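A quick write-up on the structure given underneath.
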Amino acid sequence: MHGLGVSAGIAIGHAHLVTLASLEVDHYSIPEEFVTREIKRFDKAVKAVRAELDALEVDLKAAHKLDAQSGDIAAFVTVHRMLVDDPTLSVEPRSIIERECCNAEWALKSRVDELLAQFADVQDEYLRERRTDVRQVAERIISALSGQGGAVPEKLRERAEDTILVARDLSPADVILFKDHQVAAFITDLGGRTSHTAILARSLGIPALVALHTSRELVREDELIIVDGTQGIVIVDPDETVLAEYRLKQHQSTLERQKLGRLKVATSETLDGISVELHANIELPSDLDAVAQSGAAGVGLFRSEFLFMNRRDLPTEEEQFEAYKTVAEGLKGLPVVIRTLDIGADKALDPSLSTSGHSALGLRAIRYCLAEPQIFNTQLRAILRASRFGDVRILIPMLASAVEIRQTFAAIDVAKAQLKAEGKKFNERILVGGMIEIPAAAIALPMFLAKLDFLSIGTNDLIQYTLAIDRTDDAVAHLYDPLHPAVLHLIASVIEQANLAKVPVAVCGEMAGDVSLTRLLLGFGLRDFSMHPANLLLVKQRVLMTSVSQITEHVAAIMRSGDPDEIRERLEQLNA
Ligand code: PEP
Ligand code: MG
C-alpha cells in the first residue's frame, strides 16, 4: 500500500486495528439459539466496565489525598459508574438483543442513540452536557465487548514495541497517550503531512504513514506488516526475502543514528564559521529527556495546548505553573519559549469544556484566548510565575492584527499587575514574541517588528493559509507544498526584514526540521531553527557541511524561479 510517509524510519511488527470512534459499530443478526449467549456476552462486558470503574475510583480517591485534581476526575468516574447501573444502558439492550436477534454492540448503540436524541431537547445545559458521559460509558462497554479496556488498548500495555496501530484516523490527543505506551509505528487512512498527529509521530521518533485510504479494510488483526515511513510504503504479510531486506535496512538506520549521536556536543556552525542556533519543539515536560539527548540550545516552541488535552477539566494555574517551572528548571539556564494556548483546528479541547468548533479559520489560538480572558489570564499568570526559574519567554500564536497585539499586551499587563499586588515574583522584562503564521502578518510585518521582542515563523500554518490547503485533509495533502514560490517568498521576506530590523527570528514549523530545506533557509538568512529533537542532529550535520557564502547565488536563483519543477531541481543541486 502507498501512502504519505510523515515520519521516517522502518518498523516491523504486528497490526492492531484501532477503533477509537467505537460508536461506529456493525449490525449483524444472531441465530436464535445463540441469543442467550449474546446476552451473556453483553452482561460480561457491563460487569467488566463496572469493575474497571470501581478500580479507577479507588485509585483516584487514594491519589486525591495527594493532589486536588484527582478528586475532580473521581467525581466524573462516579457519574460514569452510576450511568453503567442505569437500566437504559445495562438492562434494556438485553431485551433488544432478544427481540431483534441482533449483536450486543448494535443493541446498545440503538438504545444510546435514542437516549442522546432525547438529551438534545433538554434545556438545562448541565444535563445536556451529560450526553458526553453517556457516549463515553457506551464506548467503554463497546470496548469491553471487543475485549479491550480503557483508552490505551490492553495489548499496548503488554507489547507496545511490537505493535503497529492501524486506524482510520488518530487525533493528536490519541497519539499523545503513546508517549507512555510507545508503539512501533502507526498508519492511518486519513490525515496530512503537517497534521498534529503526524508532527507527534515525528516527535516520538516512530515511523508513520497517513492518507492510506483503505488500510483498515486490507489489514487484518495481528498480521505481520512492514511500515517504511521514508518511502511511504506498507507491506502486508511480507515473504522471507522482503523481511530480510527490511531487517537489514532497519539495522543500517540504527547504526546511522548511533553515528549521528556523536554530533551532540559539536558546536553548531557552518563551514564558514556562522553560528546557527538549533532549538527543540516539545509538547509536554516529559519531552525534556529527548531535548537533552539532542543537544538542543533550548526549547524554541513549547506547544502548551497539550497540557489541556485528554482531560475533562482545565489545568489550574498551579498545575500549569508546575509544568512550566519543571521545563524552565530542567533546561538549566537555556531558554524556553512557551507558546500560549493554541487550541483549535485539529487540537481540540474536550467537548464538555468548549462547545464551538474552533475550525482552522475560526476562534483558534489567540482569538480563543482573547475571547476567554479568564483562561488566558490563568495561563499568563502561570507562565509569569515560572519565569523566575529559568529563561522563560512568551510566544503568541496566530496573530494577524494590531488590535490583537494590543489586547494581548493588555492581558499580560493585567496578569503582571495582579501578581505584583499579590507580592508574587516574576521576570518583569519577560520577552514576548509572536508567531508569523498567517499571511497577513507576514505581509504587514513592520507592525509586528515594532511591537514584539522576537518572531517565530510557523510554516505549517503559513503554508495552510497561503495555499488554502487544510493541513489535515488527505484529499488535498498532495497540494500542500512548502516549495510553492508564494510560500518561499513570504518566508524569505520575513527573515530578511527581521534581520534588517535586528529582531530575532526563528522558524519553528516542520520546515525547520526538514534537512532537505536546511541550506535553503540558511540562504534566506535564517540563523535560528526550532524542530522536534528527533530531527535535530540530522539538521546539525547539514549545517556543519554548509558554507553560506557558497550557496547564496544558488538560493537567489531558486528565488528567481517561478517554476515548481525548476525549484525542485535547483534544490537538489543545492543539497548535492
Ligand atoms: C506552525 O504552524 O508552523 C506551528 C509551529 O504551529 P502548529 O504546528 O502547532 O500549528
Ligand atoms: Mg501553527
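Values in this text are rule-based calculations from the coordinates and carry no lab data. This is a predicted model, so every value here is computed, not measured. Backbone-built Cβ (ideal geometry, glycine too); neighbour counts: all protein chains shown.
For the stretch 179-246, trypsin sites (Lys or Arg not before Pro) are listed when DSSP marks them as loop and at most 12 other Cβ atoms sit within 10 Å of their Cβ; the list is Arg220. A Förster radius of 41 Å, combined with the Cβ-Cβ distance separating Asn499 from Glu240, puts the computed FRET efficiency at roughly 0.15.
Pull out a ≥ b ≥ c, the square roots of the eigenvalues of the alpha-carbon gyration tensor of the stretch 234-383, then state rounded if a/c is under 1.5, prolate if not and a/b is larger than b/c, and oblate in the remaining case. Judged from the Cα gyration tensor, the stretch 234-383 comes out oblate (a/c at least 1.5, b/c at or above a/b). Ordering Glu161, Glu240, Glu404 from the fewest to the most neighbouring beta carbons within 10 Å gives Glu240, Glu161, Glu404. When a/c reaches 1.5 or more, the comparison of a/b and b/c decides; with that in mind, is the stretch 321-447 rounded, prolate or oblate per its Cα gyration tensor? Cα axes put the stretch 321-447 in the prolate bin. Averaging the sequence gap over all C-alpha pairs within less than 8 Å and six or more residues apart, then dividing by the number of residues, gives the chain a relative contact order of 14 percent.
Note on the chain: helix-only mean residue ellipticity at 222 nm, from DSSP H runs of 4+ residues weighted -39500 (n - 2.57) and normalised by residue number, equals -15500 deg cm²/dmol. In the stretch 460-576, Cα pairs under 8 Å separated by at least six residues give a relative contact order of 23 percent. Residues with beta-carbon under 9 Å from that of Ser171, excluding Ser171: net charge, scoring Lys, Arg +1 and Asp, Glu -1? Overall, the nearby charge balance is -2. Quick check on my link table: of Lys259/Lys325; Lys61/Lys325; Lys347/Lys416, which ones sit more than 31 Å apart, alpha carbon to alpha carbon? Pairs exceeding the cut-off: Lys259/Lys325. Counting charges near Ala442 (Lys, Arg +1; Asp, Glu -1) among other residues having Cβ under 13 Å from its Cβ returns a value of -3.
Grab the other residues whose beta carbon is less than 9 angstrom from that of Trp106, score K and R as +1, D and E as -1, and report the net. Neighbourhood net charge equals -2. Here the dipole of the stretch 273-430 is about 460 debye; that uses its Cα centre as origin and unit charges on the Cβ of Lys and Arg (positive) and Asp and Glu (negative). The slack in the chain from Ala556 to Lys47, taken as 0.36 nm per residue of separation less the alpha-carbon distance, amounts to 176.4 nm.
Around the amide H of Asp391, modelled in the peptide plane, lie the amide H atoms of Gly333, Val336, all under 5 Å away and 5 or more residues distant in sequence or on another chain.
Sorting Arg37, Arg367 from the fewest to the most surrounding beta carbons within 10 angstrom yields Arg37, Arg367.
Using the Cβ-Cβ distance between Asp54 and Lys259 with R0 set to 51 Å, the FRET efficiency from 1/(1 + (r/R0)^6) comes to roughly 0.50. Mind running the shape call on the stretch 153-268? Use the C-alpha gyration tensor, a ≥ b ≥ c as the square roots of the eigenvalues: rounded below 1.5 for a/c, prolate if a/b tops b/c, oblate otherwise. Cα axes put the stretch 153-268 in the oblate bin. Using the Cβ-Cβ distance between Lys61 and Asp26 with R0 set to 35 Å, the FRET efficiency from 1/(1 + (r/R0)^6) comes to roughly 0.40. Each of Arg131, Arg429 has some number of other Cβ atoms within 10 Å of its Cβ, and from fewest to most they run Arg429, Arg131. Counting only residues at least eight positions apart within a chain, or on another chain, the aspartates and glutamates with an alpha carbon under 12 Å from that of Lys109 are Glu24, Asp26, Glu92, Glu139. On a C-alpha basis, how far is the centre of the stretch 427-461 from the centre of the stretch 178-235 in Å? Whole number, if you could? What the calculation gives is 34 Å, centre to centre.
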